[in-house]
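Presented below is the structure to which this report refers.
The values are calculated or read from the model by the stated rules, or taken from the named source; none is laboratory data. Just so you know, these numbers come straight off a predicted model, no measurement behind them. Using ideal geometry, Cβ is built from the backbone for each residue, glycine included, and neighbour counts are taken over all protein chains shown. Just the protein is used for accessible areas: all its heavy atoms, side chains included, with ligands, DNA and RNA removed. Shrake-Rupley method; radii C 1.70, N 1.55, O 1.52, S 1.80 Å.
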Amino acid sequence: MELKVIDAKGQVSGSLAASDALFAREYNESLVHQLVTAFLANARSGNRAQKTRAEVNHSTKKPWRQKGTGRARSGMTSSPLWRKGGRAFPNKPDENFTQKVNRKMYRAGMATILSQLVRDERLFVIETLNAQTPKTKEFAEQVKNLGLEQVLFVTKQLDENVYLASRNLPNVLVLEAQQIDPYSLLRYKKVVITKEAVAQLEEQWV
């Protein structure tokens, strides 16, 4: 598989030979869906808290007598059927939302996403990604010269100046090769990977 290499002005300046196993895999929609769903589920903090009927503030006094009122019988106001009553099956902070994805499935899913990005011409390669100063304005100008708006940069090792210069740009994200995830790859319109990062991805996933 040949990946397009772009220069500092966003023009295609050559190509880079890459692994077919990582960048030329057939698209598997169900696998990608499972991967993204599991990633988002594992990111949930599980901090919702609701009260049971034993935890709500209530009286144990019977609201009215059992018979003769014409109303349904009732024992106490903490019933889940009542307004301000407890929940029958409450959410608790220790609720576990995690979903397990096998390592083999994860690698196959990531390769599927990268391959589809190449087919859709949303993935490009650059020589290197650096910033002379940690200035957001200068880095934003560099991204603009590439002709990109919403972009994910993938590097082998994150430079401190690049991190400081890019963190305030709402439509730009810079990640190391070992940190990329399926949601970020699909979320951004363009993905730009350095040559060193391509080699590292091939080393860890092929």
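List of remarks:
- The listed residue being aliphatic (A, V, I, L, M), farther than 18 Å from Phe39 by Cβ and within 17 Å of the chain's Cα centre (by Cα), out of Val191, Val206, Val174: Val174
- Qualifying position, being farther than 24 Å from Ile193 by Cα, without any contact (Cβ under 8 Å) to a residue 40 or more places away in the chain and assigned to a loop (DSSP other than H, G, I, E, B), among Lys84, Lys100: Lys84
- Among the residues listed as Arg83, Arg53, Arg44, the single one being closer than 30 Å to Arg187 by Cα, out of contact with any helix residue (DSSP H, G or I) (no Cβ under 6 Å at 6 or more places or on another chain) and at pLDDT below 95: Arg44
- Only residues that are over 13 Å from Thr194 (Cβ atoms), of a type in the set (A, V, I, L, M, F, W, C) and in a helix (DSSP H, G or I) were counted across region 130-180, and they come to 5.
- Val36 meets each of the listed conditions (1) part of a loop (DSSP other than H, G, I, E, B); (2) under 30 Å from Lys195 (Cβ atoms); (3) not aromatic (Phe, Trp, Tyr) apart from (1).
- Selection within region 88-118 - open to solvent by 50 Å² or more (accessible area, probe 1.4 Å), of a type outside the set (A, V, I, L, M, F, W, C) and over 18 Å from Arg44 (Cβ atoms): Asn102, Arg103, Lys104, Tyr106, Arg107
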